Amino acid sequence: MDILTWLLVPIVNLDLLALIAVGTFAGIYVGAIPGLSVTMAVSILISFTFSWDVYPALALMIGIYMGGVYGGSRTAILLNIPGAPSAIATALDGYPMAQKGLAGEAIGIVTVVSFIGGFIGIFALAAFAPTISDFAIRFQPRDYMMLGMLGILLVGSLSGGSLVKGIFAGAFGIAIGAVGMDPLTFTERFTFDIPAMRQGVSFIAVMIGMFGISEGLMQLHTIKATAVKQKIGRIIPSWASVRRHLPLGAQTSAIGTVIGALPGTGGDIAALMAYDHARRVTKNPEVPFGKGAIQGLVAPETANNAAVGGAFIPMLTLGIPGDAVTAIMIGALFIHGLNPGPLLMTSQPDMFWFIVSALGIANCFMLIFGLTGIRFFVKVVEMPRTVLLPVILLLSIVGAYAVNNSLSDVYWMLGFGVFGYFLRLYGYPLAPVILGVIMSRLLDDNWRRAIISDREELDRLFMGILSSPLSLALFTAVVLIFVSKTPLWGLIFRKKG
Amino acid sequence: MQGKQPRRPGELVFNIGMTLGSLYLLYSAWGISGFEALSAPGTVPMVTTAIMVICGALILWETLQKPKVTGERLDRDILPLPVIVTILMVLAYALALKPLGFLPTSFVFLTVMIRYLAGGSVIRAALLALLIVALVYGIFRLVFTVLMPPGIVPEGEILAFVRNLLSGKGN
Amino acid sequence: MKTKLIGAAIALAMGAMPALADYPTKEIQGIIQWGAGGSTDTVARAVTPHAEKALGGTIVMQNLTGGVGAIALNKVAEDAADGYTILFGAENPLLYKVMKLGDKDYSDFTPVNILARGTPILVARPDAPYNTFPEMIAYINANPKAVKFGSTGPGGLPSVVTAMINSKTPVDVTYVPYDGDGPALTALQGGAIDVMPAVLGAAIEAIKGGKMKPIALFDVNPSAALPDVPTITSTNPEFADYLPWGPFFGVFVKKGTPDDVVAKLVAAYAEATKHPDFVALIEGRGFTMMSLSGAEADAFLAGWQSTTSWLVHDAGLAKASPADFGIPKP
């Protein structure tokens, strides 16, 4: 019965409830504005809540986190600029929907499925935290490497028309991710002896440039056209349509939870993997993927919100952060005199259940705030583009600058914006570039760790993969997906037939 | 796959550029550590840039097969004037941000862009710009304490002065 | 009543005026060299609010990562020496010159406060077939290359501790690189690596929870936080040559900052390090409070740089000799 009292703490204390509400509300905007990240907001809150008690401080941070992960979808749908990396996949089908005048419907469904995904993640945290963290911690470098390979294979789903151009874009992204001083050996890579390039290319600057600036430049072609009139129809999706996507949502939530719980991966990778999963399992979508398929919204948005609960799993059971935000929260707990580690759950179970409960409440507030005010947001798309476009440009510049307070990130953003504009014009897909940047270090670092661990011998590495059930399963998945996505599939199929 | 789509103006030049760029990156990746070891920091960069070279060549081959498009012009369909102006304006913004500071640069940028794109009176554009700058300043500078370059406006001092007045703890 | 109000308003304005002339008249920008959630970040964010109170100003904290901290160091070095940009840094810059990571180090800065020092500890996965340092060495010698040591790149704490071990008892092990002790300790708990030299603070909770096994504390005296862990000198006294040694955190301003500004910051941070909450945090995480400033801090930095530069140089990890930069042999 203790558990129930701990769970009730944030519910019966009105001030905690209010803080979670404020946090969630603010988080939605933090998430929606590119350049403002949850990581940044939570860092600022450490100083801001320094003299507070630990419960109110955590309540505010958890609200921001939940709201922020969801908020990224707003700008992705309305403007094709993902507010956060975890919303990249959402833009792929969300923006086409807005272009058809269905922005309200898209935001509605995203809000509801985010809520569902969020709850599945929280449920996994409450019910299976020790089991999942035991599983997650056992991932070896070779397993992370294969996870990175699985990620890279998404290029097949994101390429649109031309697979060759998609592969080119994905490889280019991996190369961008390698720019700068290699964090493992301190070797300079692709720096061309320019000192400013040692710090690498800010991933957020690439994202804002590729999506925000290049989209803005494209829209200049049709600047005089009137904006798409948005249909103000049904915003809250019908139960029937939610139920229809529930099986997919449950699967992608599971993907999100596990990827969120892995210490080396977070919501961005979870959302992309879920998107790919949706493309694989959805046989006949009413609308094709990339043109505004509902499944293309359901999968990433359930996964990235489920990843929130997932990220808390290693943090609360082992004191190991599941992602960047939980890393800062661990720091916050230290500052508040707590010692997050394997003993936290036994010595202070109240903290565990408080966080579970606060996450649940934040999830509910996210649903409420998400569904109200949609009509107002949708109006943004109907603003005259001649005013909207300069604002998007300004926000993009300020956002790129704010990531690291660095002017060179603004130049990167502009450079990738112009480059992305040409890529669009000549039929290259942009999403694989971002995918490559996200997967670059996961793949590269873990490949090197894996092959070093096996003394630079490929056959040893291969035997290692065969001897572990987890590695074997991942390896099988990599091979199957690779074969199914390349002409090899047709070759084998024809031979058999 | 895309063989039937015609070649757009500049597409051939762009794809040649991509292939040559990939070759240069491959050369640069080779320079990182050569063929030192499977685990060398240059291994993955070499593999990825090699893939870029291969794909770049394939794309180039595809482009060469395509018939040239009729009815599209480089200066109208690929790089129309508004696109060039916008790129230059963002560049100018980045150059002016440090010396001039966030507030004046953003205000001028928005006024010029809105006036250029939307037309109408300069005063309308300036008023809109003022409103937007105030909003962005409020969110980024006041709420999230992102320190934008102050430049010629001593906004840090003014803010501290206002705060002191408000809190009444002048000394 | 009216005159009273006017008088109050004038007094307020008068009071505000001198405040403008005195440091700080606006927000101070605090640049943290390492990422959010790391040790440097936690310590910097824990001490600064107390210092703000003593200083009567606001310090806006910001993480600026990359280039092993060189990005942040260079940013502060490029800004004006007016005390409005301060650096929260760790030990790494003292090795930049010999590692060829940059041409600036703390000699371009004035230390405001060397806050605390960490203690290295050698930890192993809980099911490793050795419990003490001599047992581990014996096992490594019997199974060359089989034991996997975590590392975090040349110049980091693991590489320095490994250099110490190699100079006294050469070991033939496999080094698996990680980009920080956090990810490496996670890998240790998952069995991806066997042994990791880490800072005590990062390992303490996992040791208490039985998720990793302490092998030896790299100090001459046991730690109050984990009194049962044997020191390396209790089994291998030859290590006393290098010890005590450890990473540290400090607050710095650019050299050339006006003396009165430095004095104010020094006083504020000295005051802040005495706050019981901060003392509790430092001790609870297994760090040793130092709170050095002025000549003491300079002497500490010079000594640290001399010991460590020559150690990594003798271990063959350095890219340039410390002698090239006038760093004396210890």
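So the values come out like this:
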| quantity | calculated |
| --- | --- |
| Charge tally in the Cβ shell below 11 Å around A:ASP182, where Lys, Arg are +1 and Asp, Glu are -1, A:ASP182 excluded | 0 |
| Simple Cβ-charge dipole of the protein assembly as shown, Lys/Arg +1 and Asp/Glu -1, about Cα centre, in debye nearest 20 | 3780 debye |
| Among beta bridges that DSSP assigns inside the protein assembly as shown, antiparallel share in %, nearest 5 | 60 percent |
| Share, in percent, of DSSP beta bridges within the range C:114-215 that are antiparallel, nearest 5 | 60 percent |
| Viscosity 0.890 mPa s, temperature 25 °C, Stokes-Einstein D of the range A:34-91 from Kirkwood C-alpha radius, µm²/s | 204 µm²/s |
| B:VAL122 versus B:ALA134: modelled label distance in nm, points set 7 Å from Cα along the beta carbon direction | 2.2 nm |
| Sites C:ASP241 and C:ASP22, calculated FRET efficiency, Cβ-Cβ separation with R0 41 Å, nearest 0.05 | 0.25 |
| Most to least packed among C:212-223, A:277-288 [average Cβ atoms within 10 Å] | C:212-223, A:277-288 |
| Computed E for B:LEU23/B:LEU74 - FRET, C-beta separation, R0 25 angstrom, nearest 0.05 | 0.50 |
| Solvent exposure, largest accessible area first (probe 1.4 Å, DNA, RNA and ligands not counted), of A:ARG138, A:ARG385 | A:ARG138, A:ARG385 |
| Cβ-based charge dipole, the protein assembly as shown, positive-most Cα from B:VAL146, C:THR132, C:GLY284 | B:VAL146 |
| Positive-end residue of A:THR49, C:ILE121, B:PHE109, charge dipole of the protein assembly as shown with Cβ unit charges | B:PHE109 |
| The range C:120-241, dipole about Cα centre (Lys/Arg Cβ +1, Asp/Glu Cβ -1), debye to the nearest 20 | 220 debye |
| Number of partner chain Cβ atoms within 10 Å, mean per residue of A:185-195 | 5 |
| Under the Karplus curve 6.51 cos²θ - 1.76 cosθ + 1.60, θ = phi - 60°, whole-Hz ³J(HN,Hα) for the range C:73-88, x wherever Gly or Pro sits | 4, 5, 4, 5, 5, 7, 6, 5, 8, 10, x, 9, 10, 10, 10, 9 |
| For the range A:196-257 versus the range B:83-155, the gap between their alpha-carbon centres in whole angstrom | 26 Å |
| Cα shape, chain A, gyration tensor, a/c 1.5 rule | rounded |
| Inter-label distance for A:ALA477 and C:ALA142, nm, one decimal - labels placed 7 Å from Cα along Cα-to-Cβ | 3.9 nm |
| Gaussian network model of chain C, Cα within-10 Å springs - most flexible of C:ALA297, C:ALA51, C:ALA280 | C:ALA280 |
| Burial ranking of peptide ranges C:93-105, B:111-123 (average Cβ count within 10 Å, highest at the top) | C:93-105, B:111-123 |
| Residue-wise HN-Hα coupling along the range C:232-247, computed from phi with Karplus coefficients 6.51, -1.76, 1.60 (Hz; x: Gly, Pro) | 5, 6, 6, 9, 10, x, 4, 6, 4, 3, 9, 9, x, 9, x, x |
| Integer Hz, Karplus 6.51/-1.76/1.60 couplings in order for the range A:463-473, x for Gly and Pro | 4, x, 5, 5, 8, 10, x, 5, 4, 5, 4 |
| Accessible-area value, A:SER484, 1.4 Å probe, nucleic acids and ligands omitted, Å² | 60 Å² |
| Protection-proxy order for peptides A:95-106, B:35-46, A:192-203, each taking the mean of Cβ atoms within 10 Å per residue, highest first | A:95-106, B:35-46, A:192-203 |
| Accessible surface, 1.4 Å probe, highest first, among residues A:TYR421, B:TYR24 | B:TYR24, A:TYR421 |
| Number of partner chain Cβ atoms within 10 Å, mean per residue of A:313-321 | 3 |
| For B:32-38, mean number of other protein chain Cβ atoms within 10 Å | 4 |
| Average Cα contact separation per residue, chain A, under 8 Å, 6 or more apart, as relative contact order % | 27 percent |
| Computed magnitude of the charge dipole of chain A (debye, nearest 20; Cβ of K, R +1, Cβ of D, E -1) | 1880 debye |
| Chain C: relative contact order in percent, alpha carbon pairs under 8 Å with at least 6 residues between | 25 percent |
| Nearest-0.05 FRET efficiency for A:GLU286 and A:MET463, computed from C-beta distance (R0 41 Å) | 0.30 |
| Summed residue charge, Cβ within 14 Å of C:SER293's Cβ, Lys/Arg positive, Asp/Glu negative | -2 |
| Local electrostatic count, C:ILE59, Cβ distance below 13 Å [Lys/Arg +1, Asp/Glu -1] | +2 |
| Built amide H within the under 5 Å cut-off of C:ASN113, gap 5+ | C:VAL251 |
| Rounded, prolate or oblate (a/c below 1.5 giving rounded, otherwise prolate when a/b exceeds b/c) for the protein assembly as shown by Cα gyration tensor | rounded |
| Carbon/sulfur fraction of accessible area - chain A, other protein chains in place, 1.4 Å, % | 69 percent |
| Cα lying deepest toward the dipole's positive end in the range B:11-77, options B:LEU23, B:THR43, B:THR70, charges on Cβ | B:THR70 |
| Carbon plus sulfur fraction of accessible area for the range B:80-167, probe 1.4 Å, in percent | 83 percent |
| Simple spin-label estimate for C:LYS100 and B:ALA57 in nanometres, 7 Å along Cα-Cβ | 3.4 nm |
| The range C:120-241 shape via C-alpha gyration tensor axes, a/c threshold 1.5 | rounded |
| Nonlocal amide H pairs with C:THR257, under 5 Å, H built at 1.01 Å | none |
| Sequence-distant residues sharing a close amide H with C:MET61 (under 5 Å, placed H) | C:GLY30 |
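The values are calculated or read from the model by the stated rules, or taken from the named source; none is laboratory data. Note that the coordinates shown come from a computational prediction; the quantities given were computed from them, not determined experimentally. With ideal geometry, Cβ positions are generated from the backbone for all residues, glycine too; neighbour counts draw on all protein chains shown. We work out accessible area using only protein heavy atoms, side chains counted, and drop any ligands, DNA or RNA first. Shrake-Rupley method; radii C 1.70, N 1.55, O 1.52, S 1.80 Å.
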